[in-house]
Amino acid sequence: MSPDATPDPYANPLVFGQRMQILRQRRGMTREVLAGLLGKSVDWVKSVEMGRINAPGIDMVCRIAEALRVRDLADLTGRPDVHLNLFTGPGHPRLAAVRAAVDALPIGAPAAAPPRAEHLAARLAAAWAARHSAPDHRERIGILLPDLIRDAQLAVRHAQAPADWRAAQAVLAEVYSLSQFFLAYQPDAALLWRVAERSMVAAQQSDDPHTIGVSAWLLAQAHRDTGPGHYDAADTITQQTLDYLAPLLPDATDDVLAIAGALEFEAGYTAARRGETATAWRYWDTAQDMAARLPAAYYHPVTSFSQAIMGAHAVTVAVELHSGRESVRQAARADASTIPSRPRRARHRIEQARGYQLDGQPDVALATLAQAYEAAPETIRYNGYARSIILEETESRVTARRRRASELAVRVGLLAA
């Protein structure tokens with residue numbers, strides 16, 4: 001290995017501080033930036049990395065892991081016997097069946113006729129309704145997805161007229177989009193990527209603007225959540241799709257206008273991940289203007305984009321910019337009760353909790369996570385940010401806080417009763 005190359009953190013049993021330094025440098029992050037994210041001094045970060053002070057407790061380790069986007073604590077601690085994936089939840093019991101349906105390779109002439117297009121559309125609409133309304137939404141769509149995937153693939157293979165084939169591709173793309181909501185935070189990143197890419201291909205074949213927008217929205221998210229090395233790809237997908245939709249917007253349906261607004265916000269989300277404050281809020285402003293053009297009661301069935309969601313989006317921007325005070329200010333302004341989707345409402349509560357945690361209000365953060373659990377238990381159970389906050393507070397020196405965190409950890413499934 002070149003003497004100038006970054007050492008491999010797995011090559012030797014390095015102490016915590018050395019691993020922290022290597023992972024920070026691989027992120028291209030300075031000590032000043034990391035110190036700011038942690039609320040610590042630059043000297044403190046340097047002292048940990050140089051081994052002048054001991055490795056911090058589990059609460060600070062979780063904060064460091066979040067700041068460095070470390071997915072497995074073993075990567076940071078150097079203890080392969082203690083694995084905790086902060087950003088991937090435990091595998092859902094329905095994951096194997098969904099994976100089998102995605103991985104199946106139908107070859108040759110179809111053995112059966114597909115269901116009628118109206119029947120397939122009705123089943124898909126019922127699946128989306130369950131996704132938004134059921135507290136156990138992952139379980140509900142996990143039951144429906146395998147047959148939906150197989151039947152949508154069958155519809156494409158049976159279609160003969162060009163218009164029917166494009167319509168079937170649109171349905172298949174939407175089924176794959178639904179699959180991505182099930183696969184989020186599941187321990188199979190490769191499967192998520194296969195589904196995201198298949199959705200985009202089917203959407204392009206459909207030649208339907210709304211379908212293309214939805215698939216691009218999800219593919220951009222997959223890139224962004226993979227890490228900084230994929231931010232440019234996320235931006236490219238988002239901007240190319242916005243350029244494609246732009247000529248259609250003056251006469252667009254509400255759904256097309258909404259997916260364009262959702263993409264504008266996604267561009268701002270990625271900018272916030274980069275730490276680009278002005279750019280992030282500029283995109284949020286554009287998305288807000290587009291939401292204002294929609295009917296007050298409108299709610300996009302996939303992205304949740306609407307007038308009601310913009311307050312929640314503002315909280316997300318502030319949290320991703322690691323601005324605790326602004327996060328709390330936006331959280332106070334956002335009304336979660338106006339969000340009709342249970343998992344999206346729970347996700348908003350988690351973002352609020354992140355803001356309160358950044359602002360040094362751990363008790364409010366825990367109370368907010370309890371509200372997220374009441375809205376949709378399966379959302380908080382598989383969300384890495386929620387899990388890290390709860391685990392951090394189970395080590396709190398404040399007895400009452402530690403007890404509340406431990407009780408919530410048992411309810412969520414992080415700790416045994």
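The values are calculated or read from the model by the stated rules, or taken from the named source; none is laboratory data. Keep in mind it's a predicted model, so treat the numbers as computed, not measured. Reconstructed Cβ throughout: ideal geometry from the backbone, glycine too, with neighbour counts over all protein chains shown. Heavy atoms of the whole protein, side chains included, go into the accessibility calculation; ligands, DNA and RNA do not. Shrake-Rupley method; radii C 1.70, N 1.55, O 1.52, S 1.80 Å.
Values as computed for the structure displayed
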| item | result |
| --- | --- |
| Test: residue in segment 168-178 that is among the charged types (D, E, K, R), modelled with pLDDT of 90 or more and surrounded by fewer than 18 Cβ atoms within 10 Å (Cβ to Cβ) | no |
| Within segment 281-381, helices (runs of 4 or more DSSP H) holding 1 or more residues that are within 22 Å of Ala260 (Cα to Cα) | 310-320, 342-358 |
| Breaking point among (1) of a type in the set (A, V, I, L, M, F, W, C); (2) open to solvent by less than 40 Å² (accessible area, probe 1.4 Å); (3) without any contact (Cβ under 8 Å) to a residue 24 or more places away in the chain, for Ile309 | (3) |
| Those residues of segment 110-127 which are surrounded by fewer than 19 Cβ atoms within 10 Å (Cβ to Cβ), of a type outside the set (Asp, Glu) and out of contact with any Asp or Glu (no Cβ under 7 Å at 6 or more places or on another chain), in sequence order | Pro110, Ala111, Ala112, Ala113, Arg116, Ala117, His119, Ala121, Ala122, Arg123, Ala125, Ala126 |
| Segment 248-285, subset open to solvent by 30 Å² or more (accessible area, probe 1.4 Å) and among the polar types (S, T, N, Q), residue farthest from Asp232 (Cα to Cα) | Thr253 |
| Helices (runs of 4 or more DSSP H) within segment 11-50 that include 1 or more residues over 20 Å from Leu73 (Cα atoms) | 31-38, 42-49 |
| Matching option when the condition is touching a helix residue (DSSP H, G or I) at 6+ places or on another chain (Cβ under 9 Å) and at pLDDT below 90, among Ser388, Ser406, Ser327 | Ser388 |
| Residue list for segment 382-417, filter: part of a loop (DSSP other than H, G, I, E, B) and hydroxyl-bearing (Ser, Thr, Tyr) | Tyr382, Thr394, Ser396 |
| Residues located in segment 207-223, provided they are of a type outside the set (A, V, I, L, M, F, W, C), open to solvent by 10 Å² or more (accessible area, probe 1.4 Å) and assigned to a helix (DSSP H, G or I) | Pro209, His210, Thr211, Gln221, His223 |
| Among the candidates Ala104, Ala117, Ala113, Ala109, residue that is among the aliphatic types (A, V, I, L, M), modelled with pLDDT of 85 or more and farther than 30 Å from Gln357 by Cα | Ala104 |
| Unmet criterion (only one of (1) surrounded by fewer than 15 Cβ atoms within 10 Å (Cβ to Cβ); (2) of a type outside the set (Ser, Thr, Tyr); (3) assigned to a helix (DSSP H, G or I)) for Leu191 | (1) |
